[in-house]
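Take a look at the structure set out below.
Values quoted throughout were computed directly from the atomic coordinates according to the rules given, and no laboratory measurement underlies them. Remember, it's a predicted structure, so these values are computed and weren't measured experimentally. Every residue, glycine among them, receives a Cβ derived from its backbone with ideal geometry; neighbour counts consider all protein chains shown.
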Amino acid sequence: MSAHIETAGHGAHGHDSHGDHHDDGPVSHSTFKGYMTGFVLAVILTAIPFWVVMAKVFDKPNTTALVILAFAVVQIVVHMIYFLHMDAKSEGGWNMLALIFTLVVVVITLAGSLWVMYHMNTNMMPVMMHDMKNMP
């Protein structure tokens, strides 16, 4: 009975039969090339929004904010793929579930932050401007 327990799910020498995960696709993200690809993408995804703000590319601030938020979401996905090595195949799909959960949390956080900032701006600024006009 103990022989059956030892070999259930293990190879002949007690190693896991699925210990080698070499089916990462054409480019493994845990190589130097994978890390450099992630780093270059992260730098680009940081530099473009910086340029968008500094060069005042868009006339409307809302458009600029939406572009920056889009780049932020893409950068989060790049970090999760290239640095955290999350994909649909690893860990039996649990990494994909973690990715989906993270994206939901990010969307809720970003939408909530924008909602709070918008309402703070519309509800607080008129009162503050009115009070400042009456100051000596």
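For Val53 paired with Ser90, estimate the spin-label separation in nm (one decimal), with each label point 7 Å from Cα along the Cα-to-Cβ line.
Those two pseudo-labels are separated by 3.0 nm.
Under the 0.36 nm per residue contour assumption, what length would be gained going from the current alpha-carbon distance of Tyr118 and Val43 to full extension?
Using 0.36 nm per residue and subtracting the Cα-Cα distance, I get 24.1 nm.
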